[in-house]
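This report refers to the structure that appears directly beneath it.
Readers should treat all values here as calculations from the given coordinates under stated rules, not as data from a laboratory. Keep in mind that what you see is a predicted model, and the values were worked out from it rather than measured. As a convention, Cβ positions derive from the backbone with ideal geometry for all residues, glycine included, and neighbour counts pool all protein chains shown.
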Amino acid sequence: MPLSFEITARDPSSRARAGVVHTAHGPVETPVFMPVGTRGTVKSLTPEELVEHGSQIILGNTYHLYLQPGHELIAAHGGLHRFMAWEGPILTDSGGFQVFSLVYGGIADEVKGRRPAHPQTKRNMVKVTEEGVIFTSYIDGSKHMFTPERSIEIQKGIGADIILCFDELPPFHTGYDYTARSLERTHRWEERCLTFHQQTRTGGLPFDAPHHDQALFGIVHGGVYPELRRASAELLGALPFDGLCIGGSLGGNKQQIREVVDMTVPHMPDALPRHLLGIGDVDDLIDGVAQGIDMFDCVSPTRLGRHATALVRDPARRWKLNVLNAKVRHDQQPLDADCACYTCRRYSRAYIHHLFRSRELLGIRLVSLHNIAFLHRLMREVRTSILQGTFAELRRAWLATLPALGM
């Protein structure tokens, strides 16, 4: 069995639960946040730094790793674990979000009645068929095609512990009819992914797979429509997936995200791990856990780091501090007084302000490292509170200044 999941505690006041996901490269304690290593690196940080500051599992991006350096080269080096010197578990997405982000403009035009369903974009970059998606490389303009089978093959070459099904991702403004048609195609694609995954568990690929103990997660879609979300969760939950993600359009704002998660989770199998794709804000993580989510990923901590924004334990600031703010210039405090990360142990806000003003790369590294450590500490506190039966109190404390969220 490539993956198993055990639930060790439940919160009596919500759907929150603590558990352990067992993978081929070690256990992952949940709830968990995973940093995103898009191209085989979590931007500016080493694997040793990630481990030291609490990272259990990271995410790699299939689309980018396929285009550069290529999954066959990664496989020849023993898989992404050895290639990037990361010894823990890895999850890869399917590449679907990236290829479909190229067609969003075309779908928007379709909704306005300007062109037929899923046309080529103005740049002729994307074409969607029942077989898969043809797209143009942003690196050299070459043509490529992702099918469900091709996505799984690439992920097997990368050698991730958890791989995801290839799916279609229309934006939320496409409307009910298109979302329903897209959902039907996504289900057909996911069934093809599952079939190909099962057929190639022990071979049959054009390269030697780094390992065969991979788990496959399905992805629940359905936009913001309860009946579609329920149908998707029930259909995929009846198939032999190792876990399920909540993906597709989650709506246009935070409230809609919460509504989509709330309409989906009750119809997902309790025994499988649940992953909410692309979510990483503090309030979204806490409320996601309360709604029954086990796993999260997002680029936000390092993206914020590159834009001089540090996460701090201050709900009044929405947990964000702009270190370029003039008020920080003389501030001798660490970024966050409660944080014990390398950055907060050694450096002041004033020094980090100076680094960004001087355009020194160290500033990006220090804030990115702190932000990763901050979210890992948050998730450890959340997990501990579930185990101790105090999650409701922790949730109220973190979200105390956000009455609009129902706290």
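Values as computed for the structure displayed
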read-out	value
Loop-located trypsin sites (Lys or Arg not before Pro) in the range 123-210, at most 16 other Cβ atoms within 10 Å (DSSP)	Arg123, Arg201
Non-local Lys pairs in the chain, i.e. 8 or more apart or on different chains, that have alpha carbons under 22 Å apart	7
Positive-end residue, the chain charge dipole about Cα centroid, Cβ charges, pick of Ser182, Pro31, Gln68	Gln68
Computed lengthening from Ala392 to Asp140, 0.36 nm per intervening residue step minus Cα-Cα distance	85.6 nm
Label-to-label distance, nm, for residues given as Arg185 and His330 (7 Å Cα→Cβ offset)	6.0
Pairwise label distance in nanometres, Gln256 with His77, each label 7 Å out on the Cα-Cβ vector	4.0
For the range 140-223, the Rg and Dmax computed from alpha carbons only, in angstrom	14.5, 43
Helical segments meeting 24 Å axial Cα length and Kyte-Doolittle 0.0 threshold in the chain (DSSP H)	361-388
Where no second cysteine Cβ lies under 4.7 Å, the cysteines concerned in the chain	Cys245, Cys298, Cys341
When the convex hull of its Cα atoms is projected in every direction, mean area for the chain (nm²)	19.7
Estimated FRET transfer efficiency when R0 is 41 angstrom, pair His307-Ser13 (beta carbons, to 0.05)	0.70
Computed helical MRE - 222 nm, the chain, DSSP H runs ≥ 4 contributing -39500 (n - 2.57), nearest 500	-11500 deg cm²/dmol
Relative contact order of the chain, pairs being alpha-carbon contacts under 8 Å that are 6 or more residues apart, as %	17
Residue among His275, Leu285, Leu311 farthest towards the positive dipole end of the range 247-338, charges placed on Cβ	Leu311
Exposed-loop-free span, longest in the chain, where GluC sites (Glu not before Pro) count as exposed if DSSP calls them loop and at most 15 other C-beta atoms lie within 10 Å	132-359
Approximate spin-label separation Asp270-Ala350, in nm, with each point projected 7 Å along Cα-to-Cβ	5.6
